[in-house]
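For reference, the structure discussed in these notes is given below.
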Protein chains: 2
Amino acid sequence: MNEKRALLIDTALALFYTKGINSVGINEILKTSGIAKKTLYGHFEGKEALVLAALKQRHENFITWLEAEISEAESDQEVIKRLFDALGSWFNSKEPSLGDFRGCFFINTAAEFSDKDSDISHYCREHKEEVKRLIKNKLTSQSPLLLDAICILKEGAITTAYVTGKGSEVTSKCIKILSAY
Amino acid sequence: MNEKRALLIDTALALFYTKGINSVGINEILKTSGIAKKTLYGHFEGKEALVLAALKQRHENFITWLEAEISEAESDQEVIKRLFDALGSWFNSKEPSLGDFRGCFFINTAAEFSDKDSDISHYCREHKEEVKRLIKNKLTSQSPLLLDAICILKEGAITTAYVTGKGSEVTSKCIKILSAY
DNA sequence: TACCAGGTAGACAAATTGGTCTACTAATAT
DNA sequence: ATATTAGTAGACCAATTTGTCTACCTGGTA
């Protein structure tokens, strides 16, 4: 049923995110989920289809989470504060719906698949665009520069937090930087 | 000799950067470089040692390139302009010494190796610290916020350029954002 | 000459990969 | 009652992985 399919996706997503896609074999996903191989290949054409499903799942988790975090903001300054505070919480692995922080799943995945025309690379780009759209819709300011500043700093914060390991400092810096606007 | 060793590292770096480390096998590096397997294992303990050597080579290439790009700047505004113009050129694959742009090699590599205590992850962090130090030394301003703003935007620009594919727009936005300081 | 370091070419081993297939079970719908 | 569907368990396959090993070649040096 759909339960098996969902369990497969959740297991794959968790393993892919924490270990990287090429480091996780089909057999490990099966063993962890306790599902038989034939069931997997009944639901998915192959590993790539499973990767795509995991990306989709992550995208939904992330958008849902982000929207909830910034929905109640009543000014642009508050949008910025809520956004980067939420990111800081994510960086410190305090957001259960996003799992232990290990960078951006889409950036990490895009890094593993060199073919820029593949469905996977394509989906990673769409994710970023949709996040940008979500932020744009919450802002009252129509300044494209503000929107770009927020999004570029957001990307920078994610990779900086991942590579340096210090999560909360980066986000408060971003808020200060943006307070000039 | 050292020539073989150098050729091995250069070949490995080129392949690792364009395809990702887990997607490149030892045999492909050997075939591309035309070097025998036993020679490789005479120079390196194993694949991981080769990865580390490639990271080191990339680090040197990158630092040398960056230093040359911003060395002649005579004001902080000029440092910023030169830095982001250079990045924009890199994003458009116009910097031969850095190869066809495919994001930051260190971020990509860190994404593939989940163990945060491994030599590889460690080296990726050191690289970012050294780049930051280089920029810091070129700035006359002692404001830590300016330095952080530059570095976070730089990281954001790299991943944004990689995932969206549009390289030059991002960097001019960064320069505009920083012109507020 | 004889030796030896450093190289080539590639067979080979052991493990792992993604994926197919057979045999069996359990529940449900006709 | 029977046929179908969805599942389990796991053997099996072909390809690929990293790494070792044997056999041979070559150029410089004692």
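The values are calculated or read from the model by the stated rules, or taken from the named source; none is laboratory data. Every value quoted in this text rests on a predicted model; they were computed, and no experiment measured them. Cβ placement follows ideal geometry from the backbone for every residue including glycine, while neighbour counts extend to all protein chains displayed.
Some notes on this structure:
- Test: residue in segment A:14-21 that is of a type outside the set (A, V, I, L, M, F, W, C), out of contact with any Leu (no Cβ under 8 Å at 6 or more places or on another chain) and away from DNA strand C (no atom under 16 Å from the Cβ): no
- Any hit, segment A:37-49, residues being touching a residue at least 12 places away in the same chain (Cβ under 8 Å), farther than 30 Å from A:Ala157 by Cβ and β-branched (Val, Ile, Thr): yes
- Against the list (1) more than 30 Å from B:His122 (Cβ to Cβ); (2) outside any loop (DSSP other than H, G, I, E, B), the condition A:Ser141 fails is (2).
- The set of residues in segment A:29-49 that are near DNA strand C (Cβ under 6 Å from one of its atoms) and of a type in the set (D, E, K, R) comprises A:Lys37, A:Lys38, A:Lys47.
- The set of residues from segment A:1-27 being surrounded by fewer than 20 Cβ atoms within 10 Å (Cβ to Cβ) and within 17 Å of B:Asn108 (Cα to Cα) comprises A:Thr18, A:Lys19, A:Asn22, A:Ser23.
- Subset of segment A:133-167 [more than 9 Å from every other protein chain (Cβ to nearest Cβ), of a type in the set (Gly, Ala, Ser) and crowded, with 16+ Cβ neighbours inside 10 Å]: A:Ala161, A:Gly167
- Verdict on B:Leu52 being in contact (Cβ under 8 Å) with a residue 60 or more places away in the chain, crowded, with 16+ Cβ neighbours inside 10 Å and within 21 Å of the chain's Cα centre (by Cα): yes
- Scanning segment B:7-42 for residues that are of a type in the set (Val, Ile, Thr), within 14 Å of DNA strand D (Cβ to nearest atom) and more than 14 Å from chain A (Cβ to nearest Cβ) gives B:Thr11, B:Ile26, B:Ile29, B:Thr32, B:Ile35, B:Thr39.
To keep it simple, each residue is scored yes or no on (1) farther than 21 Å from A:Tyr162 by Cα; (2) modelled with pLDDT of 95 or more; (3) touching a helix residue (DSSP H, G or I) at 6+ places or on another chain (Cβ under 8 Å).
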| site | (1), (2), (3) |
| --- | --- |
| A:Gln57 | yes, yes, yes |
| A:Glu60 | yes, yes, no |
| A:Ile80 | no, yes, yes |
| A:Phe84 | no, yes, yes |
| A:Phe101 | no, yes, yes |
| A:Ile107 | no, yes, yes |
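- When B:Ile63, B:Ile80, B:Ile70 are checked against the criterion of being touching a Cys at 6+ places or on another chain (Cβ under 9 Å) and either more than 29 Å from A:Asp115 (Cβ to Cβ) or away from DNA strand C (no atom under 16 Å from the Cβ) (or both), a single residue qualifies: B:Ile80.
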